[in-house]
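> Pasting a structure below so you can have a look.
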Amino acid sequence: MRRIVVLGSTGSIGRQTLDIVRAFPDDFQVVGLAAGNNTELLSEQIAEFRPRYIWCNTPPAPLPDGAAMMPMTEMATLPEVDQVMVALMGAVGLHPTLEALRAGKQVALSNKEPIVMAGQTLKSAEAKHGGVILPVDSEPSAIWQCLQGEDNHIRRLMITASGGPFRRTPLDELESVTPEQALRHPTWRMGDKITIDSATLMNKAFEVIESHWLFTVPWEDIEVVVHPQSTIHSMVEFDDGSVKAQLGPPSMRLPIQYALFYPRRFTNSDIPRLDISAAWSLDFEPLEPERFPCFDLAVSAGKTGGTTPAVLSAADEVAVAAFLQGKIGFMGIYRLVEQVLGEHRTQPDPDLSAITDADHWASVRASELAGMPTA
């Protein structure tokens, strides 16, 4: 039985993680649950899974007998915990992820921002302390699955992108895109932040940065191709020219379950199957830089390294929030992130303190520029 902690249990990934636990009650014990402000749903999860440790910004009351409040980082490093699902949003996942790796835990990582902000730091902790990062994000999970049983003679990684809701929108209409339009993703159902990042392709640039660190692949050997059907989740080409692809319906349950049970696979009737009996096609298109300026901006920040990726992540988080609140337009997301990056002087080889300082500075500066309240 695997003893797990779910950080971000009331979000989309957290809820689907608990669906997997629910489907295999004899294989998992939920030791801890952490959430933000959704006290009502967290209370329901506590009643069902009976965790010993709980964290919430607004604690549910009363707590069940034997349960105690515990900060996320402490929860993630408990000796009795085998695996930590990090399903948080933004930089808040960095410290629990890092400390869980330092404690030698399996970290199922759905939260992109920690590895975007501090890829070198997390990989160093993984190597030094025996922890392991298990990718849950759909595209890195697909690459990870393709690499099983291989000797890792990788020629290139090919990450697929749906192109989002504006793949065919005339360029001169992008300025007037509304939040409601941007939240209508054609193939995936996700939280608001990641859905907007998918519309700008910031999300895909984050996956390039993520894959660079997870699989130790040079920047120039990672490509992104637009694949509207979202059936192929990513591909790996090897030195001999062979290409492996991981296919499936656009559902996060398979990568979640694969990480939770790794290296075993089990049947789960709740996970949708790929139907190849019906007529269907697989289309591929090149990425249009002028349509998705956030992509090149973000990949460039990843290549710069140092504290720049932390600034990128924080500025994007504020920019997306500002767009959703009507403070800036859709293309204003790119302009705001670009301005904050332009004002930042990167610090090479940063320690964790420098990374978190850069994250805080970028969040405050982006908020000032967008007319948002600062913490």
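The values are calculated or read from the model by the stated rules, or taken from the named source; none is laboratory data. Keep in mind it's a predicted model, so treat the numbers as computed, not measured. Heads up, the Cβs are rebuilt from the backbone with ideal geometry, glycines too, and the neighbour counts pull from every protein chain shown. Keep in mind that these areas ignore ligands, DNA and RNA; they rest on the heavy atoms of the full protein, side chains included. Shrake-Rupley method; radii C 1.70, N 1.55, O 1.52, S 1.80 Å.
> So, with +1 on the Cβ of K and R and -1 on the Cβ of D and E, and no other charges, what is the size of the charge dipole of the stretch 267-345 about its Cα centre, to the nearest 20 debye? Before the final figure, lay out the partial values.
Values: 6 positive and 11 negative charges, 62 e Å.
Roughly 300 debye for the stretch 267-345.
> Roll a 1.4 Å probe over the protein chains and send me the accessible area per residue for the chain in Å². Please list the in-between numbers first.
Numbers: 15990 Å² over 375 residues.
Ligands and nucleic acids excluded, the result is 43 Å² per residue.
> Here's a follow-up. Identify which of Gly32, Gly163, Gly326 has the largest mean-square fluctuation in a Gaussian network model of the chain, with springs joining Cα atoms closer than 10 Å.
The residue with the greatest mean-square fluctuation here is Gly326.
> Note down the magnitude of the dipole of the stretch 151-216 about its Cα centre, charges +1 on Lys and Arg C-beta and -1 on Asp and Glu C-beta and zero elsewhere, to the nearest 20 debye.
Numbers: 8 positive and 9 negative charges, 56 e Å.
In debye, rounded to 20, the stretch 151-216 gives about 260.
> Still on this model: Suppose every Lys and Arg Cβ carries +1 and every Asp and Glu Cβ carries -1, with no other charges. What dipole size does the stretch 102-226 come out with about its Cα centre, to the nearest 20 debye?
Working: 13 positive and 17 negative charges, 81 e Å.
So the magnitude is around 400 debye.
> Using only protein heavy atoms and a 1.4 Å probe, report how much of His129 is accessible, in Å² to the nearest 10.
The accessible area of His129 comes to roughly 80 Å².
> Roughly how many whole Å is it from the C-alpha centroid of the stretch 219-284 to that of the stretch 143-183?
Centre-to-centre distance over Cα atoms comes out at 13 Å.
> If you don't mind, there's one more thing I want to ask. With only alpha-carbon atoms in the gyration tensor, what are the semi-axes of the equivalent ellipsoid for the stretch 255-332, in Å, largest first? List each step's numbers first, then the result.
Working: eigenvalues 238, 86, 54 Å².
Taking √(5λ) for each Cα gyration eigenvalue gives 34, 21, 16 Å.
> Under 5 Å between amide hydrogens, which residues at least 5 positions from Gln106 or on another chain qualify, with H placed 1.01 Å from N in the peptide plane?
Hits under the 5 Å cutoff: Val84, Val132.
> What number, in percent, do you get for the relative contact order of the stretch 29-86 if the mean sequence gap of Cα pairs under 8 Å and at least 6 apart is divided by its residue count? Each step should come with its number before you reach the end.
Values: 61 pairs, mean separation 19.0, N = 58.
That works out to 33 percent.
> Once amide H atoms are placed 1.01 Å from N in the peptide plane, what residues at a sequence separation of 5 or more from Arg155, or on another chain, have their amide H within under 5 Å of its amide H?
Here the answer is Glu237, Phe238, Asp239, since their amide H atoms fall under 5 Å of that of Arg155.
> Would you mind computing the Rg to Rh ratio of the stretch 1-156 from its alpha-carbon coordinates, Kirkwood style for Rh?
Working: Rg = 15.7 Å, Rh = 15.9 Å.
Using Cα coordinates only, the ratio equals 0.98.
> How high is the relative contact order of the stretch 94-175, in percent, with contacts defined as C-alpha pairs under 8 Å that are six or more residues apart?
Numbers: 71 pairs, mean separation 22.5, N = 82.
It comes to 27 percent, rounded to a whole number.
> Which of Ala205, Ala182, Ala315 moves the most in a Gaussian network model of the chain with Cα springs under 10 Å?
Ala182
> Another question, if that's okay. Using only the Cα atoms of the stretch 214-351, each taken as one equal point scatterer with no solvent, compute I(q) by the Debye sum, divide by I(0), and report log10 of the ratio at q = 0.21 Å⁻¹.
Here log10 of I(q) over I(0) equals -1.25.
> Okay, moving on. With a cut-off of at most 13 other beta carbons within 10 Å, and DSSP calling the residue loop, which GluC sites (Glu not before Pro) in the stretch 137-229 qualify? Please list them.
Numbers: sites: Glu150, Glu173, Glu175, Glu180, Glu207, Glu210, Glu220, Glu223; in loops: Glu150.
Sites meeting the loop and neighbour criteria: Glu150.
> What do you reckon, how do Phe284, Phe292 stack up by accessible area (1.4 Å probe), largest on top?
On the way: Phe284 95, Phe292 10 Å².
Result of the area sort, largest leading: Phe284, Phe292.
> While we're on this one: Could you give the C-alpha radius of gyration of the chain expressed as a fraction of 2.2 N^0.38 Å, taking N as the number of residues it contains? Walk me through the numbers on the way to the answer.
Values: Rg = 20.1 Å, N = 375, 2.2 N^0.38 = 20.9 Å.
So the Cα radius of gyration is 0.96 times the expected 2.2 N^0.38 Å.
> Also: Below 8 Å, C-alpha to C-alpha, sequence gap of six or more: please give me the relative contact order for the stretch 144-289 in percent.
Working: 179 pairs, mean separation 45.9, N = 146.
It comes to 31 percent, rounded to a whole number.
> Using a 1.4 Å probe and ignoring any ligands, DNA or RNA, find the accessible area of Ser269 and quote it in Å² to the nearest 10.
The accessible area of Ser269 comes to roughly 110 Å².
> A follow-up question, please. From the P(r) of the stretch 1-89, can you give the percent of Cα pairs sitting at distances over 23 Å? Don't jump to the answer; show the numbers that get you there.
On the way: 412 of 3916 pairs.
Tail of P(r) above 23 Å: 11 percent of Cα pairs.
> Over the stretch 53-106, what per residue volume does the convex hull of the Cα atoms give, in whole Å³?
Details: hull volume 4.4 nm³, N = 54.
Dividing the Cα hull volume of the stretch 53-106 by its residue count gives 81 Å³.
> Give me the log10 of I(q) over I(0) for the stretch 197-250 at q = 0.16, 0.19 Å⁻¹, as the Debye formula computes it from C-alpha points; what are the numbers?
Ignoring solvent entirely, the Cα scatterers give -0.55, -0.78.
> Name the residues whose placed amide hydrogens come within less than 5 Å of the amide hydrogen of Ile328, ignoring near sequence neighbours (fewer than 5 apart) on the same chain.
Phe323
> Just how much of Ser176 is accessible, in Å², when a 1.4 Å probe is used and the result is rounded to the nearest 10?
Probe radius 1.4 Å; accessible area of Ser176 about 80 Å².
> Given a 1.4 Å probe and heavy atoms of the protein chains only, how would you sort Trp213, Trp144, Trp280, largest accessible area at the top? It would help to have the intermediate numbers written out before the result.
Details: Trp213 65, Trp144 30, Trp280 105 Å².
Putting Trp213, Trp144, Trp280 in descending order of accessible area: Trp280, Trp213, Trp144.
> Could you put Phe261, Phe215 in order of accessible surface area, largest first, with the 1.4 Å probe and the full protein assembly present?
Numbers: Phe261 0, Phe215 30 Å².
Descending accessible area places them as Phe215, Phe261.
> Any chance you could list P(r) for the stretch 121-260, counting all Cα-Cα pairs in 10 angstrom bins from zero, rounded to whole %?
11, 39, 33, 14, 3, 0
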